[in-house]
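Structure first, then comments.
Only the coordinates and a few stated rules stand behind these numbers; no lab work does. These figures come from a predicted structure and were not determined experimentally. Because the Cβ atoms are built from the backbone with ideal geometry, glycine has one as well, and the counts that use them run over all protein chains shown.
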Amino acid sequence: MSADQVRSKNAKNRQFKIISLTVVSGFFILSLFQNCAEHEGLGGAGSLGSANCSPYLKAAFDSTVYSFAVTNCNNCHATGGPGKGKFADADSSLAWNDFSVISNVGTKFYNNSISTSHAPGISGPQLEASASIVKQSLTDAENSCLQSGGGIPGVSVVTTPKQINLAVGDPKKTISWILNSEIDPVQNTGGAIFYIDIQATSANYYVVSKPRIRTLTEDIHIIGVQIIINGQLYELATLFQGIDKVVLAGTGEETADGILNEGAVIISAQVSASDMLVIGFDELNIGAPEEKLGN
């Protein structure tokens, strides 16, 4: 089978995954505003932070959602408040991190905003004009994501967010994901685990290094590894983007075959213990290309 045929098949697989992922992400645009007295759960797979539309929703959060939340929601949804989810916190990084992992699909942001019973004395019809602007901003973000084919160009699989929780000068830290359950869309990877190292070398820089994988019962084919922090894709971190490797079943993460790249990339980002790390894969396939094509 020729290389062109392999790439064509992989492209079709990637398109299918992107479509699946954006359909999932489409359910989350109305999940901002929770009742201070009656909350649904936060976190879990299928959250904003783990969807490929995250960069578009982050832009909407920065431009309209956050200012609305700080003005109208900070009595409950800030540090010290009774609300789950600190998306109105004075610390914008913390606010985004909590916003990005909301997974209570049934919450209706617009309806809660204009409801007289949601937060008596705060929510109500007087917020209709500003709540409508926020709702439209989120709708526009979702539409832009869908029109672009998935939010992060070329990325078809993302991990769930993991808190980095590093201070400047802390020792290098390894963050790992069990790929069976901590990627979106979910795949049976035979128990494979992905690892990457990260260190905060200054207040404005992370060093991310040595992506690697442990495989158990399945061969794993990885193409392109992307670094995403707090919903932002770091496109200049190009070293790992050229990864194209089949790792055979039963490979250890510290072996030559399990290490995807020995190098490191420098990420320019303001360091906060609450920062969230997501790994994106251009492709993450089960089996070598020939196996996927049935040869």
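Tabulated data
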read-out: Pairwise centroid distance, computed over Cα atoms, of the stretch 180-211 with the stretch 79-93, Å; value: 27
read-out: Around T189: net Lys/Arg minus Asp/Glu count, Cβ-Cβ under 11 Å; value: -2
read-out: In sequence order, calculated HN-Hα J values of the stretch 156-163 (Karplus, 6.51, -1.76, 1.60; Hz; x Gly/Pro); value: 10, 9, 10, 7, 5, x, 10, 5
read-out: Total charge dipole magnitude, the stretch 157-292, about the Cα centre, Cβ charges on Lys, Arg, Asp, Glu only, Debye to nearest 20; value: 400
read-out: Neighbourhood net charge (12 Å Cβ-Cβ; Lys/Arg +1, Asp/Glu -1) for S209; value: +2
read-out: Charge sum, other residues only, whose C-beta stays under 12 Å from T79's C-beta, Lys/Arg counted +1 and Asp/Glu -1; value: -2
read-out: Amide H within-cut-off set for I183, under 5 Å, with H built and near neighbours excluded; value: T160
read-out: Signed unit charges on C-beta, dipole axis of the stretch 157-292, positive-most listed residue I229, G169, L216; value: G169
read-out: Fraction of the pair-distance distribution of the stretch 181-295 above 22 Å, Cα-Cα pairs, percent; value: 34
